[in-house]
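Note sheet for the following structure.
The values are calculated or read from the model by the stated rules, or taken from the named source; none is laboratory data. Computed from a predicted model, the values in this text were never measured in an experiment. We place every Cβ from the backbone using ideal geometry, glycine too, and count neighbours over all the protein chains shown.
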Amino acid sequence: MSGYDAIVERYRGVTGEAPEGLWYAPGRVNLIGEHTDYNDGFVLPFALERKAVVAAGRRVDGRLRLLSLELDEDVDLALSDLAPGQEGWSAYLAGVVWALREAGHDVGGATLVLTSDVPLGAGLSSSAAIECAVVAAYCDLYGLDIAPIDRAKLARVAENAYVGAPTGLLDQAASTLCQAEAGLFLDCRSLETELVPLPMAEQGYEMLVLDTKTPHSHVDGEYGTRRATCEEAARLLGVPALRDVTDLDAALAKLDDETMRRRVRHVVTEDERVLRALEVGRSGDLAGLAPLLTASHASMRDDYEITVPTVDLAVETALSAGALGARMTGGGFGGCIIALTHAGEADGIGRAIARSFAEAGYATPEWFTAVPAQGAGRLA
Ligand code: ADP
Ligand code: MG
């Protein structure tokens, strides 16, 4: 249990006993496929080595004791009091237990002591990491036989119905289903998945993940407007969703509004790029990913207009410092970029971006090097 002694000790402090086990679930980055999910399209995330870990054990008193080392808060709830709309971080964990019980699983209480090195609110899905770690813990503790995709769906119910955040399945599917050296292709309409080989280390690549530290502003409003424009465009084109546009030029010719045309072009070409990334993974030479990443960024910048100056500078600097391809990842208006680099070069490119940020008077970014990691499971 080395490395997680602090949560084990904390668990002991609360219960007087050792935990029954340690379970984990990772954060994720989206390799490609941005704003395609609500258009019934395609996404391709991979899991990070950064993860949430929970020391867990059952309780017989019908209570949930929830502790987070990061937030240093101790929450004590009766199972009978669990109800959607609960505020605060503990709702993500309590929501999982609520979702399991709502789905008819006969589960009782638990003590859950949490720690995570997924940065909070950076778009790397710290929320799905903590939810999926609790799902993994509960399935083992209470002997539940739940298929991985259904575990992801339960975690999503916790986030949508209990916490009240209207997110798609991407985060929880990635955190649960991903495997080492692979990405997860997800069809957001059928919810079918395919593991896509991404043997980055073996082929001499790594991925820089850099948080620009740009505060997200106007995100909800901008997101709502983009979504409404896509729905209106699909209506005008007579298709259920933009995913169903098969002839982009013909579709663009039917639309009068220039902004709407650009939004449609992003969504349709982004879906194509995800499908091409899937082919790259299947065919095995990852060099083919680089131009797709950079083209995705240009499309988000010029057509979907969801990038901001810090993010654009980070991507430009990454490319001029030797990255093979780079893009913003996540919903936009700030957050993280990813850059595909030769092995051993990601950190230097992070430093180059930090220098260009200092020159531009921007906040200091934070970064780390990633390779596709394993989805949720038991640690000890
Ligand atoms: P993201 O998933 O992009 O990191 P969200 O806003 O979806 O951002 O989720 C972040 C929230 O998840 C935090 O505000 C907190 O409530 C919860 N959370 C994440 N990690 C932890 C943790 N280690 N301890 C307690 N709560 C956490
Ligand atoms: Mg989240």
Against the conditions (1) part of a loop (DSSP other than H, G, I, E, B); (2) more than 21 Å from VAL97 (Cβ to Cβ); (3) in contact (Cβ under 8 Å) with a residue 40 or more places away in the chain, where does LEU208 fall short? Just the number, please.
(1)
Looking at the range 184-200, is at least one residue over 30 Å from TYR138 (Cα atoms), under 24 Å from the mean Cα position of the chain (by Cα) and of a type in the set (D, E, K, R)?
no
Kindly indicate whether LEU77 is within 30 Å of ARG226 (Cα to Cα) and part of a strand (DSSP E or B).
no
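With respect to ALA152, determine if the residue is surrounded by 24 or more Cβ atoms within 10 Å (Cβ to Cβ), within 14 Å of ligand 2 (Cβ to nearest atom) and on the phi < 0 side of the Ramachandran plot. Step through it out loud before you land on a result.
On the way: surrounded by 24 or more Cβ atoms within 10 Å (Cβ to Cβ): yes; within 14 Å of ligand 2 (Cβ to nearest atom): yes; on the phi < 0 side of the Ramachandran plot: yes.
In short, yes.
Of LEU154, LEU93, which residue is part of a helix (DSSP H, G or I), at pLDDT 95 or above, within 15 Å of ligand 1 (Cβ to nearest atom) and within 24 Å of TYR11 (Cβ to Cβ)? If you could, list the steps in order and put the result at the bottom.
Working: LEU154 fails: within 15 Å of ligand 1 (Cβ to nearest atom).
The match here is LEU93.
For the structure I just gave you, tell me whether GLY27 is farther than 30 Å from VAL196 by Cα and either away from ligand 2 (no atom under 16 Å from the Cβ) or not in a loop (DSSP other than H, G, I, E, B) (or both). Lay out the reasoning, then the answer.
Numbers: farther than 30 Å from VAL196 by Cα: no; either away from ligand 2 (no atom under 16 Å from the Cβ) or not in a loop (DSSP other than H, G, I, E, B) (or both): yes.
Spelling it out, it is not the case that GLY27 is farther than 30 Å from VAL196 by Cα and either away from ligand 2 (no atom under 16 Å from the Cβ) or not in a loop (DSSP other than H, G, I, E, B) (or both).
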When (1) closer than 22 Å to LEU124 by Cβ; (2) buried (at least 18 other Cβ atoms within 10 Å of the Cβ) are applied to ARG243, the one that fails is (1)
Quickly run through the range 125-151 and pick out the residues that are in contact with a strand residue (DSSP E or B) (Cβ under 9 Å, 6 or more places away or on another chain), more than 11 Å from ligand 1 (Cβ to nearest atom) and among the aliphatic types (A, V, I, L, M).
VAL134, VAL135, ALA136, ALA137, LEU141, ILE149
For the subset of the range 96-128 comprising residues that are outside any loop (DSSP other than H, G, I, E, B) and touching a Pro at 6+ places or on another chain (Cβ under 8 Å), which member is nearest to ligand 2 (Cβ to nearest atom)?
SER126
Take the residues of the range 54-76 that are surrounded by fewer than 24 Cβ atoms within 10 Å (Cβ to Cβ) and among the β-branched types (Val, Ile, Thr): which is nearest to CYS188 (Cα to Cα)?
VAL75
If you go through the range 176-188 one residue at a time, do you hit one that is over 30 Å from VAL8 (Cβ atoms), part of a loop (DSSP other than H, G, I, E, B) and at pLDDT 95 or above?
yes
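Could you tell me how many of the residues in the range 274-296 are more than 16 Å from LEU324 (Cα to Cα), surrounded by 20 or more Cβ atoms within 10 Å (Cβ to Cβ) and not small (Gly, Ala, Ser)?
The initial filter retains those residues of the range 274-296 that are more than 16 Å from LEU324 (Cα to Cα), namely 274-276, 278-279, 281-284.
Filter again for surrounded by 20 or more Cβ atoms within 10 Å (Cβ to Cβ), leaving 274, 281.
With not small (Gly, Ala, Ser) added as a condition, the list becomes 274.
Final tally of qualifying residues: 1.
Any residue in the range 108-115 that is within 10 Å of ligand 1 (Cβ to nearest atom) and of a type outside the set (Ser, Thr, Tyr)? Can you show your working first?
Residues of the range 108-115 within 10 Å of ligand 1 (Cβ to nearest atom): 114-115.
With of a type outside the set (Ser, Thr, Tyr) added as a condition, the list becomes 114.
Within the range 108-115 (the criterion being within 10 Å of ligand 1 (Cβ to nearest atom) and of a type outside the set (Ser, Thr, Tyr)), the answer is yes, since at least one residue qualifies.
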What are the pairs, 6+ residues apart or on separate chains, where a residue within the range 83-100 that is free of Cβ contacts under 8 Å to residues at least 24 places away in the same chain and at positive phi has its Cβ under 9 Å from a residue that is within 11 Å of ligand 1 (Cβ to nearest atom) and of a type outside the set (D, E, K, R)?
GLY88/LEU71; GLY88/VAL75
